[in-house]
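What follows is a set of notes on a single structure, which appears directly below.
The values are calculated or read from the model by the stated rules, or taken from the named source; none is laboratory data. Everything quoted here is computed from the prediction, not taken from an experiment. Glycine also receives a Cβ, built like all others from the backbone with ideal geometry; neighbour counts cover every protein chain displayed. Surface accessibility is based on the protein's heavy atoms, side chains included, excluding ligands, DNA and RNA. Shrake-Rupley method; radii C 1.70, N 1.55, O 1.52, S 1.80 Å.
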Amino acid sequence: MRIRDLFNIPMLWRKLRSRNLIRKYRKKIQKNPLHSQSHYHYASELEKLGLINIAHAEYRNAKFLGFDQEKVTTSINSISKRLGDLSVLDTNQYERFDVLRHHLDQLIGEDGSILDIGGGHGILSQFMPHNDYFLVEPTLNGISGVSIPFEDDSFDAVVTCHVLEHVPADERLTFIDELIRVSRRNVLLFNPFK
């Protein structure tokens, strides 16, 4: 926030109100992770704060969960115009997503569904725009990969990239079991190894 913004009370009030609403919707999602309306309103508030990538992923979550398809598709199309050019990602990050996209295209094509576990700001959703997509990210939407709120065999591919090292050692087997449980066919686990 800039110093001159401190004196712009209406703008400051809107930002504080949005942050409070974001906390409110994140708590709602934690209580009921499959509530499409909460994901939609959460995305709306994220968009107002300029958090475009995360908002895009959360709109995709709402769409996957069956929120009003016309309304959410309009929001996705609108926000997609504001997404940054993916080529500005650092080379390592871009290459990682591009390799992942290539594998997913071969495994499930454009019709398959993807569960992105620990996917940060949901950048993968931009690399796979035609697939059904859902982001599980405990730091952003409060949903945990150790207790995934979907039924068995819910997704064609479950993806986790550079996440396993952040899962406590005593929860890693449970985490991997959850990935396998919700996947119909494919689990892609990308991790650094020593």
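No other residue among 155, 127 is within 23 Å of residue 30 (Cα to Cα) and either in contact with an Asp or Glu (Cβ under 6 Å, 6 or more places away or on another chain) or touching a residue at least 40 places away in the same chain (Cβ under 8 Å) (or both) apart from 155. Evaluating residue 137 against the criteria (1) open to solvent by less than 60 Å² (accessible area, probe 1.4 Å); (2) in contact with a Ser or Thr (Cβ under 7 Å, 6 or more places away or on another chain); (3) among the charged types (D, E, K, R) leaves one unmet condition, (2). Restricted to region 17-46, and to residues there that are under 15 Å from residue 140 (Cβ atoms) and open to solvent by 40 Å² or more (accessible area, probe 1.4 Å), the residue that is modelled with the highest pLDDT is 41.
Of note, residue 145 satisfies the criterion of being open to solvent by less than 30 Å² (accessible area, probe 1.4 Å) and over 21 Å from residue 67 (Cα atoms). Among the residues here, residue 123 qualifies as hydrophobic (A, V, I, L, M, F, W, C) and under 22 Å from residue 55 (Cβ atoms). Taking residue 61 as the residue in question, decide whether it is open to solvent by 50 Å² or more (accessible area, probe 1.4 Å) and polar (S, T, N, Q). In short, no.
When region 163-194 is filtered for residues that are open to solvent by less than 80 Å² (accessible area, probe 1.4 Å), in contact (Cβ under 8 Å) with a residue 40 or more places away in the chain and outside any helix (DSSP H, G or I), the ones remaining, listed by number, are 163, 183, 186, 188, 190. Of all residues in region 78-118, those being open to solvent by 20 Å² or more (accessible area, probe 1.4 Å), closer than 21 Å to residue 54 by Cα and of a type outside the set (A, V, I, L, M, F, W, C) number 17.
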